[in-house]
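Encoded as structure tokens, the structure appears first; notes follow it.
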Amino acid sequence: MFWTVLTTCIMLILPGWAGATGFEAAVGVWHQSPSGDVSYKGQTGHDRLDLESTLGLDDETGLLFRARLETPLILPNIGFMATPTTFSGKGTAKGSFTFGNQTFSADAPIDGKLRLNQYDVSLFYGIPGLKMATMGMFNVDLGLNLRLMDVDIEVRQEQTGLSESESMLLPVPTLYAGASLRPVDFFALEAEARGVTYAGNHFYSLIGRVRFDPLDHLFLAGGYRYDSVSIDEKGLKADVDISGPFAEIGISF
């Protein structure tokens with residue numbers, strides 16, 4: 001799935017490459033701590049499964065990939081970000097619960113798995129004149145973002161032989177905003193936000209980044225990312241927060 005989406009996004013970016021005025025790409029690692037709960041066709045509060053205490057999902061360290069293509073003024077700039085995320089663990093339930101078409105017992109350990117891959121494509125413009133007025137030190141981007149969410153949740157009890165899962169691909173249009181403050185050539189503070197709320201669902205991503213450019217065309221960055229996802233689709237209800245620090249290495253031209 002990751003490589004299919006990545007290839008598609010590269011094909012979308014290529015037509016604007018000839019007239020590009022700037023390009024950067026980065027790969028990194030993100031220490032991801034999950035919290036929240038999920039249910040699938042559940043009818044009571046007992047059917048909402050806590051990700052940490054009931055499913056036993058552990059922290060994970062996953063890869064990040066992002067790219068940005070700056071285009072001439074009349075065309076929107078293009079951004080891409082891929083965040084593959086999978087958690088797994090072993091937990092216990094305080095009582096029996098229903099998940100999908102199965103009723104699970106409280107007397108056996110639970111194996112839980114959550115995949116929440118996110119792929120973002122953004123189209124945005126810088127606020128006209130702001131970068132020039134600040135002599136290149138400050139810039140704000142505003143635009144639209146399309147997020148494709150690849151969601152899969154699985155609950156399994158080996159001792160009872162019970163297993164249930166649900167998966168979906170969910171396209172989510174969101175707003176996008178980004179800001180950059182560069183007081184000196186080799187140092188910058190950056191922030192990004194993507195988000196939307198509709199029909200009981202919400203999707204937010206907040207990123208703060210400190211960036212160093214020690215060499216021409218090479219940069220190092222680190223920061224903190226917080227994602228909040230609330231899904232109520234086709235019987236699947238999930239309120240999931242993922243947060244933690246990250247580090248990146250990238251190139252820019």
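The values are calculated or read from the model by the stated rules, or taken from the named source; none is laboratory data. Keep in mind it's a predicted model, so treat the numbers as computed, not measured. Heads up: the accessible areas ignore ligands, DNA and RNA and are worked out on the full protein's heavy atoms, side chains in. Shrake-Rupley method; radii C 1.70, N 1.55, O 1.52, S 1.80 Å.
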task: Match the structure shown to one of the listed values (1) 27, 24, 17; (2) 24, 21, 18; (3) 40, 18, 15 of semi-axes √(5λ) of the Cα gyration tensor in Å, computed from it, and give that label.
output: (3)
- prompt: Straight-line reach from LYS234: which lysines have a Cα under 18 Å away, not including same-chain ones fewer than 8 places off?
  reply: LYS41
statement: Rounded to the nearest Å, the spacing of the alpha-carbon centers of region 90-131 and region 205-253 is 17
- prompt: In what sequence, largest accessible area first, do TYR204, TYR176, TYR224 appear using a 1.4 Å probe?
  reply: TYR224, TYR204, TYR176
message: Can you say what percent of the DSSP beta bridges in the chain, counting only those with both residues inside, are antiparallel? Round to 5.
response: 100
